[in-house]
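The numbers here are math on the coordinates, done by the rules we state, and not lab data. Keep in mind the model is a prediction, meaning the values are calculated, not measured. Positions of Cβ are backbone-derived with ideal geometry, glycine not excepted, and every protein chain shown enters the neighbour counts.
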Amino acid sequence: RKEVEQDPGPFNVPEGATVAFNCTYSNSASQSFFWYRQDCRKEPKLLMSVYSSGNEDGRFTAQLNRASQYISLLIRDSKLSDSATYLCVAENNAGNMLTFGGGTRLMVKP
Amino acid sequence: SAVISQKPSRDICQRGTSLTIQCQVDSQVTMMFWYRQQPGQSLTLIATANQGSEATYESGFVIDKFPISRPNLTFSTLTVSNMSPEDSSIYLCSVEGQGPTDTQYFGPGTRLTVL
């Protein structure tokens with residue numbers, strides 16, 4: 001079993017749709033969690049951190065459920081420019097190692 | 001976040017040869033990391049490079065195959081030795097962010113193709 005698991009997709013959605021990605025992690029000692037975005041042939045870029053209380057950044061909402069070891073990302077009012085691969089990431093207790101999920105590919109269409 | 005550059009951005013190499021990838025950061029950082037991203041896959045950590053000490057390698061990666069240098073707090077190199085087509089991949093360096101909750105930031109990557 002992978003340490004961080006994601007549905008690879010692709011998720012094909014029309015512009016303006018709301019889409020949700022889920023991620024599960026197996027290491028209960030993981031302390032911090034993040035969503036990264038990776039465009040084709042580009043490096044991953046930090047999208048947002050994920051907190052137990054949930055956090056929102058514009059159209060993006062991230063949620064962490066430690067009891068279920070589950071992380072989510074919600075994108076509202078999808079834009080064409082949201083098309084990318086979204087990587088779920090867990091950081092270890094020492095804060096010096098990231099474990100990446102396989103990524104979920106999103107394609108937003110006109 | 002730090003500005004990270006990598007050289008070369010891409011290369012095509014013959015099997016059996018070696019390639020050294022450079023990673024330069026515009027500020028001093030304690031920890032630098034090297035990742036591999038094989039085609040269609042996510043990122044896998046190769047090793048952590050701290051200045052003044054030997055790199056720490058993850059399971060499945062060894063120093064003879066991926067020697068790393070970390071001569072100062074702004075620079076690191078990763079060498080892919082005795083390459084085979086299976087080494088074709090994107091190699092990325094990353095650094096820790098400076099804030100208390102910052103995570104890692106990535107360089108643009110080096111796209112390696114081994115023939």
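Here the residues A:Ile71, B:Ile21, ranked from fewest to most Cβ neighbours within 10 Å of their Cβ, fall in the order B:Ile21, A:Ile71. Its relative contact order, with pairs defined as Cα atoms under 8 Å and 6+ residues apart, puts chain B at 36 percent.
In a reduced charge model with +1 at each Lys and Arg Cβ and -1 at each Asp and Glu Cβ, the range B:2-89 shows a dipole moment near 140 debye about its Cα centre.
Comparing A:Ser68, A:Ser30, A:Ser78 in a Gaussian network model of chain A (Cα springs below 10 Å), the most mobile by mean-square fluctuation is A:Ser68. Of all DSSP beta bridges confined to chain A, the antiparallel ones make up roughly 90%. In terms of other Cβ atoms within 10 Å, A:Met107, B:Met31 run from fewest to most in the order A:Met107, B:Met31. Of all DSSP beta bridges confined to the protein assembly as shown, the antiparallel ones make up roughly 90%. Here the dipole of chain A is about 180 debye; that uses its Cα centre as origin and unit charges on the Cβ of Lys and Arg (positive) and Asp and Glu (negative).
What residue among B:Pro85, B:Pro67, B:Pro39 has the largest mean-square fluctuation in a Gaussian network model of chain B, using Cα springs under 10 Å? Most flexible of the set in this elastic network: B:Pro39. Could you name the lysines whose alpha carbon sits less than 17 Å from that of B:Lys7, not counting residues in the same chain fewer than 8 places away? Those lysines meeting the cut-off are A:Lys42. Of all the options A:Val89, A:Val19, A:Val50, the one that moves most in a Gaussian network model of chain A with Cα springs shorter than 10 angstrom is A:Val19.
Between A:Ile75, B:Gly97, A:Ala94, the Cα set farthest toward the positive side of the dipole of the protein assembly as shown (charges on each charged residue's Cβ, about the Cα centre) is that of A:Ile75. Site-free segments of chain A were taken between trypsin sites (Lys or Arg not before Pro) in DSSP loops having at most 14 other Cβ atoms within 10 Å, sites themselves excluded; the longest one is A:3-40. Taken as Cα centroids, the range A:1-15 and the range B:1-32 sit 29 Å apart, rounded to the nearest whole angstrom.
A Cβ-based charge dipole, computed about the Cα centre of the protein assembly as shown with Lys and Arg at +1 and Asp and Glu at -1, lands at about 420 debye.
Hey, how many Å between the Cα centroid of the range A:60-110 and the Cα centroid of the range B:51-67? Between the Cα centre of the range A:60-110 and that of the range B:51-67, the gap is 29 Å.
Going from the residue with the fewest nearby Cβ atoms within 10 Å to the one with the most, A:Asp7, B:Asp64, B:Asp26 rank B:Asp64, B:Asp26, A:Asp7. At R0 = 22 Å, how high is the FRET efficiency between A:Asn92 and A:Ala67 if r is their beta carbon distance? Nearest 0.05 is fine. The computed FRET efficiency comes out at 0.70.
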